[in-house]
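Single-structure report; data block below.
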Amino acid sequence: MVAETDPPLAIQEAGCARDINQAGITIKPKSRSISEDVYSHDLYSGIYRAFQVRRLLLGMEYKPPQLPIQFPADPDVLLEQARQAINASRQAQDDLVARIKPEDATFDNVLLPLMHAENVYISEFYVLRHPKDVTTNEKLREATLQVERLTNDYAVESGMREDVFRMVQAVVDLGEELEGERLRCLQKVHRGYLVRGLALEGKERARFKQVTNRIKELCTECRKNFWDERAGLWLTPKQLAGLPPNNLKQLRKGEGENSESLWLTMRVHNFEPAMKFVEDEEIRKRIFITFENKCNSNAGPVKELYAMRDKAARLLGYANNAALKIEDSFAQSPSFVDDFLSDLQERLRPAGKETIKTLHDLKRAELGTSTCGFYLWDIAYYTRMLIKQKHCLDEVAVSEYFALDSVLDGMFKMFQKLFGISFVKIQLTTKVTNGTTHLLHEDTTAYQVWDGVEPGKDFVGYLYLDLHPRDFKLVHSCHLALHRGYTKTDGSRHYPSSILICNWTRPLPGKPSLLRHRECVSLLHELGHAVHNLVTKTEFAMLAKTSHDFVEASSKMLEHWFWTPEVLRSISTHWSYLNVEYAQTWRAEQGNLAMSTDLPPRTMPDEMISNIIRSRFTATSLFQLRQISLARFDLAVHSPQSHEEMEQLDAQRLYNSLRHGITMVDGPDNDYTWGNNHAKFSHLWGKYDAGYYGYILASAISSDMYQAFAKDPLDAVEGARYRKQVLEPGGSLPEMSLLEKFLGRPPNYKAWIDQMGLDI
């Protein structure tokens, strides 16, 4: 068979000569550049790509049992769909109450109908609240905030329906012999009603409802302020000396009085490179303080938010919000968390002091003085310098082996090897039909996910990737579960959908988006969340997610793979090999246009790989102490001794003093009023209140789990066992039981301590 036209774009991304020949197909391209790309560079080798190329050229279609999501793209449609979803959920509860009497209540006639209605509502809920995170359409963003208010109000209304609660309580009192997911479902639903105030009466219940409504309003206000933030600095190229050319080219040029300057936003993709590379200490300090104060408008709302949460917890009979939140978690009690953080902090402090001394010595040597101080805005800069000197590791040189698209391809292959899933890119558009669209922004790409090497048999779900920064988009990297998987009333499967929202630098003309190694680790982490959501198999959507302090563990474990020689060697390819245009750009950057100029090594050299691995725990003590300071602040504002103490809290001073005391690194002064970084601590107005410690705990758990893969990181047998025993159950079983089954023993954090080189 001969294709007489240029191969589709997807073939350029997926094809290689060997794959195409294996598929028994000959291509006759009209475009020389495409021909060279397909035949000369087999970057994207791998058997599942061969099947994708074969499908494209032979017109084969994989027809999943579920269509991609239709996102509301019109504000009116969005609001109408939200109202319909709320009305349908409300009607299902009304029908249940009208049909069943408490004395006749069973799991099958009460909980099952409730869960089936909840399954549908959850899937609609996350899609309806998603546009605000990615859209550049101001009206659609405002409509999403209206939807958030509607759904928040309905959550309070639904969660405080005494008539439905009586039904659930009757099922609990019946004492049916339930087990597994159904037992956990009943326990979770029953506790959910209790913590929403159904055990309260009269004025206390009315007051609780009022407080709960205010909490949701404050969370919405904080998110809006955070999205609307536009902080930045006009700085000249001279002031930004040291910043790599690729990062400089991403900055907007000024006009008029700023015509000689560049606009450095305080978004992470601009801020972090600046802190690592800008040579002028005073400029780093300016950038740092601007970043710390970029969301000062939230200072008032977050303080009230902490107070309202405390008030709600005390109305329910808890000592504070931390006691309420941690009770239904992996950790189970604030005392466990406190002991864990205290023990870890004690172990880390000696190493932290030694790291600060090392970094400070570097600064003294660079400045040629013994009298300089060492500050918060020095950590990233001198840590990079230490890694470069101690491990001969240049972040920019490393990034040349991590072009975003090829890294993604390598990660997909890794997931195929470990978990037996394959990814097929599909062509969706932003075209709006009847007020809906398959993609909310043209930057987004979509994939079908299938079980097995050859797609087309058992469908897993959909993956969406939105990877580059733009105005009004969520500023940090995260995973969102747009749909959770569940079993429908007819016994068929509703399949999950996940999206990654990231802010990696955009490709430049003739050059791809290049990731630093740590950015690759972050990308793999977020993909880990997506894969967890996609492969989870639960009957009920509400149990597809694990507890808030365990949810990071599986993704933290996957980070280990990007610190292994096998994975680094298999995924890395120098960007100049990806196509002819890139090779020409690379040669031009070297100042030699001759086609005979040798390209760098195609795969990352072994020495560079070794240096990356050896650098892994450089200054890790400072990073972990910083994490502890954040977790301590989170616990402090959510566990005051009294509500009066909460009312008198000075969050700004508390945050900065904890950072100083725990990390042992100075800020601008010791008055602690120079920055409001706590006001942009977005985890605390989201799902992580009294739960930020979960990131640290997850690091410990992940290292313990990774021991199963220590001998062979790509062991497919262990990968299948891990998928089956840890990922697929989601939150349908207690996380401790999942861990003990996988590990064959209770978990501990010895492996993590050993990795960091600390005494145990």
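Selection of region 200-234 for residues being among the charged types (D, E, K, R), outside any loop (DSSP other than H, G, I, E, B) and under 32 Å from the mean Cα position of the chain (by Cα) yields 209, 214, 216, 217, 221, 223, 224, 228.
For region 639-661, the count of residues that are under 30 Å from residue 391 (Cα atoms), among the hydrophobic types (A, V, I, L, M, F, W, C) and modelled with pLDDT of 95 or more is zero. Flag: residue 119 matches the condition of being surrounded by 19 or more Cβ atoms within 10 Å (Cβ to Cβ), among the polar types (S, T, N, Q) and more than 27 Å from residue 309 (Cβ to Cβ).
Of all the listed residues (541, 553), the sole one being touching an Asp or Glu at 6+ places or on another chain (Cβ under 7 Å), buried (at least 23 other Cβ atoms within 10 Å of the Cβ) and under 30 Å from residue 328 (Cα atoms) is 541. Among the residues of region 508-552, those that are within 30 Å of residue 187 (Cα to Cα) and part of a helix (DSSP H, G or I) comprise 526, 528, 529, 530, 531, 532, 533, 534, 535, 541, 542, 543. Candidates are the residues of region 590-620 that are among the hydroxyl-bearing types (Ser, Thr, Tyr) and at pLDDT below 95; the one that is surrounded by the most Cβ atoms within 10 Å (Cβ to Cβ) is 615. None of 239, 210 is within 30 Å of residue 505 (Cα to Cα) and not assigned by TED's automatic domain parsing to the domain that holds residue 155 except 239.
Somewhere in region 291-306, is a residue under 30 Å from residue 322 (Cβ atoms), surrounded by 22 or more Cβ atoms within 10 Å (Cβ to Cβ) and among the aliphatic types (A, V, I, L, M)? Yes, region 291-306 has at least one match.
Among the criteria (1) at pLDDT below 95; (2) within 24 Å of residue 555 (Cβ to Cβ); (3) in contact with a helix residue (DSSP H, G or I) (Cβ under 7 Å, 6 or more places away or on another chain), the one residue 336 does not fulfil is (3). Looking only at residues of region 177-222 that are exposed (fewer than 15 other Cβ atoms within 10 Å of the Cβ) and among the charged types (D, E, K, R), we find that the one that is modelled with the lowest pLDDT is 201. A single member of 564, 546, 536 is among the β-branched types (Val, Ile, Thr), touching a residue at least 12 places away in the same chain (Cβ under 8 Å) and touching a Pro at 6+ places or on another chain (Cβ under 6 Å), and it is 564. Residue-level check: of (1) within 24 Å of residue 96 (Cβ to Cβ); (2) modelled with pLDDT of 95 or more, residue 143 misses just (1).
Restricting attention to region 658-681, the residues that are under 18 Å from residue 291 (Cα atoms) and among the polar types (S, T, N, Q) add up to 3. Scanning region 70-88 for residues being surrounded by fewer than 22 Cβ atoms within 10 Å (Cβ to Cβ), over 30 Å from residue 442 (Cβ atoms) and touching a residue at least 12 places away in the same chain (Cβ under 8 Å) gives a total of 1. The residue that is modelled with the lowest pLDDT, counting only those in region 265-305 that are touching a Leu at 6+ places or on another chain (Cβ under 7 Å) and either assigned to a loop (DSSP other than H, G, I, E, B) or of a type in the set (S, T, N, Q) (or both), is 270. Has region 235-243 got at least one residue that is part of a helix (DSSP H, G or I) and surrounded by 14 or more Cβ atoms within 10 Å (Cβ to Cβ)? Within region 235-243, not a single residue is part of a helix (DSSP H, G or I) and surrounded by 14 or more Cβ atoms within 10 Å (Cβ to Cβ). One residue stands out among those in region 654-675 that are of a type outside the set (A, V, I, L, M), out of contact with any Asp or Glu (no Cβ under 8 Å at 6 or more places or on another chain) and in a helix (DSSP H, G or I): the one that is surrounded by the fewest Cβ atoms within 10 Å (Cβ to Cβ), which is 661.
Restricting 482, 440 to those that are assigned by TED's automatic domain parsing to the domain that holds residue 523 and either among the β-branched types (Val, Ile, Thr) or over 21 Å from residue 120 (Cα atoms) (or both) reduces the list to 440.
The values are calculated or read from the model by the stated rules, or taken from the named source; none is laboratory data. All values reported here derive from a predicted model rather than from experimental measurement. For neighbour counting, all protein chains shown are included, and Cβ atoms are generated from backbone atoms with ideal geometry for every residue, glycine included.
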